[in-house]
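Please read the structure below before turning to the comments.
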Amino acid sequence: MKINARLTPKKLSPKIDHVFEIAAHKVAALDKDWNPSGGTPVFTVRGKYTSRGWTEWTQGFQFGNAILVFDATGDETMLKLGRERTVRHMASHVSHTGVHDHGFNNVSTYGNLRRLMREGRMPFNQAEMDFYELALKASGAVQAARWSTTAYGTGYIYSFNGPHSLFSDTIRSLRALVVADRLGHVLMGEGDKPINLLARAAEHAKTTARFNVYYGEGRDSYDVGGRVVHESIFNCNDGNYRCPSTQQGYSPFTTWTRGASWIISGAAEQLEFLQTLKTSDFEAAGAGTRKDLESILLRMVLATSDHYIDSYSCVDGIPYWDDGAPNIHRLGDYRKKPADPFNEWEPVDSSAAAIAAQGFVRLGNYLASKGDKRASRYLQAGLTVAATLFEEPYLASDRKHQGLLLHSVYHRPNGWDFVPSKLKVPCGESSMWGDYHLLELALLIKRMAEGREYLTFF
């Protein structure tokens, strides 16, 4: 990536305003056209959102988009839409025991609404606040109950694949656990045993850092510093680690770039969260020391961020879907030129860029708060990626296209992504997570530009 050191949040403000102008129309249009009986919108085909039954993990983004548009623009119709749809459709996601996606669905809806009320952006109503907080408490506990233990003194929230499976994605669901913990909630287990949610979040983060991220230390023959594996497999009988795996990447020995982006954003936001805790409160949870967890998270996010910036992103900050994709060599040294969404060999993944960019910005701000001279590298990297995404060919300015962020990829190995006629790879389509994270990135930078309250999930 060629990092633009001259960018500032204020310089991006005109682009951000344009993003939210387009988003307001698209959010309202999708809500009008979508029939909830057909499932949850996941990604577009020929510019129209469709469902794809794998797990129900994107509905929170659909309604969260409306809430973020209100936050940025003050459009009361967007707030009304987000509130009403959350009440009507999101309850089943709060009690969903079969997924690892509570941070995606519930913090994006109930969490954002709670945040707005706490900030005074919407009228305070105690009963409504109690409703949001009850949902967040239950969500965090339900997510934490999906738990496997390892042979190494830690555990992890297991993926929808089953108790043997640790996904990199799930680090972004730790937000559900720590929000519930800060609300004073615990998971009650057998024999009325209280299980601390902060401790479980810390354990999951440590397990992810140890097994899903590589540090160039010779762990296997393909150990490149910052490499991320989508999935780690454990023996459920004795808790021992068995092997790397992947569901959506090309191989267990390459980096599926969206998986790496989940690590980058998830670790960075947890570092920010830890700064709000007293050392004594953290240690009282039985989660070890805050200093140790900070060190683990920082090592993980620095390694994965540097790998993204230096090893597999294009000069404009956009990555292809996997850094070892089978035909990526046919693109030549793609890292020395802008990404080409319309090439004939491998698709880019703009959603990976949007997710990672937020992580870069947060990492930069975290390091700046510590007086770390590395801060500007990551902040400017995040702004560089944002500047690319906030305009064509990534911003979907065509009002007939229901998506907002173009050139997102869902599941390349399964062939789920639409390939336009006369082209050979998926392009020109959007995903609900891509749209949401573009708006969350834009809102974060907008608040920084305006000197408003810093955007956090907590």
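Within the chain, the longest run free of GluC sites (Glu not before Pro) that sit in a DSSP loop with at most 13 other Cβ atoms within 10 Å is 218-343.
Post the alpha-carbon centroid distance, segment 167-205 to segment 406-453, in whole angstrom. Measuring centre to centre over Cα atoms gives 29 Å. Normalised by the number of residues in the chain, the mean separation of alpha-carbon contacts (under 8 Å, six or more apart) gives a relative contact order of 19 percent. Sparse packing (at most 13 other Cβ atoms within 10 Å of the Cβ) combined with a DSSP loop state is found for the following chymotrypsin sites (Phe, Trp or Tyr not before Pro) in segment 91-170: PHE124.
Roughly how many whole Å is it from the C-alpha centroid of segment 241-305 to that of segment 348-399? When both Cα centres are located, 18 Å separates them. Ordering HIS18, HIS185 from the fewest to the most neighbouring beta carbons within 10 Å gives HIS18, HIS185.
Could you grab the Rg to Rh ratio for the chain? Cα atoms only, Kirkwood for Rh. Show your work: numbers first, answer last.
Numbers: Rg = 20.4 Å, Rh = 21.9 Å.
Reported Rg/Rh, Kirkwood definition of Rh: 0.93.
Ordering HIS411, HIS307 by the number of other Cβ atoms within 10 Å of each residue's own Cβ, fewest first, gives HIS411, HIS307. Contact order for segment 1-142, expressed relative to its length and based on alpha carbon pairs under 8 Å spaced 6+ residues apart, stands at 20 percent. Each of LEU298, LEU197 was scored by other Cβ atoms within 10 Å of its Cβ. Listed from fewest to most, they are LEU298, LEU197. Close amide H contacts of GLY317 (hydrogens built in the peptide plane, cut-off under 5 Å, sequence separation of 5 or more or a different chain): LYS2. Take the alpha carbon gyration tensor of segment 45-169, find the square roots of its eigenvalues, order them as a ≥ b ≥ c, and report rounded if a/c is under 1.5; if not, report prolate when a/b exceeds b/c, else oblate. Since a/c reaches 1.5 but b/c is at least a/b, the shape of segment 45-169 is classed as oblate.
Shown in residue order for segment 336-351 are the 3J(HN,Hα) couplings computed by the Karplus curve 6.51 cos²θ - 1.76 cosθ + 1.60 at θ = phi - 60°: 9, 9, x, 4, 10, x, 9, 5, 9, 10, 9, x, 7, 10, 5, 5 Hz (x for Gly and Pro). Which entries in the list LYS2/LYS446; LYS337/LYS446; LYS15/LYS446 go over 19 Å, if you measure between the two C-alpha atoms of each? As for pairs spanning more than 19 Å Cα to Cα, those are LYS2/LYS446; LYS337/LYS446. Scalar couplings 3J(HN,Hα) for segment 117-123, obtained by applying the Karplus form with A = 6.51, B = -1.76, C = 1.60 to θ = phi - 60°, are 5, 5, 7, x, 7, 9, x Hz; x denotes Gly and Pro.
Suppose a student asked you for the relative contact order of segment 81-200, using Cα pairs under 8 Å spaced at least 6 residues apart; what percent would you report? Before the final figure, lay out the partial values.
On the way: 162 pairs, mean separation 31.7, N = 120.
Result for segment 81-200 is 26 percent.
For ILE195, the residues whose modelled amide H falls within less than 5 Å of its own, excluding neighbours fewer than 5 places apart on the same chain, are LEU187, MET188, GLY189. Whole-Hz Karplus values for segment 196-206 come out as 6, 6, 5, 5, 5, 4, 5, 4, 4, 4, 5 Hz, taken residue by residue from phi with 6.51 cos²θ - 1.76 cosθ + 1.60 and θ = phi - 60°; glycine and proline positions read x.
Less than 5 angstrom separates the built amide H of TYR158 from those of TRP147, SER148, all sequence-distant by 5 or more or on a different chain. Note on LYS291: lysines with a C-alpha under 22 Å away, same-chain residues under 8 apart excluded, are LYS206, LYS278, LYS370, LYS373.
Every read-out reported here was derived from the displayed coordinates using simple, explicitly stated rules and does not represent laboratory data. Everything numeric here is computed off the predicted structure, so don't read it as measured data. Cβ sites come from the backbone with ideal geometry, for glycine too, and all protein chains shown count toward neighbours.
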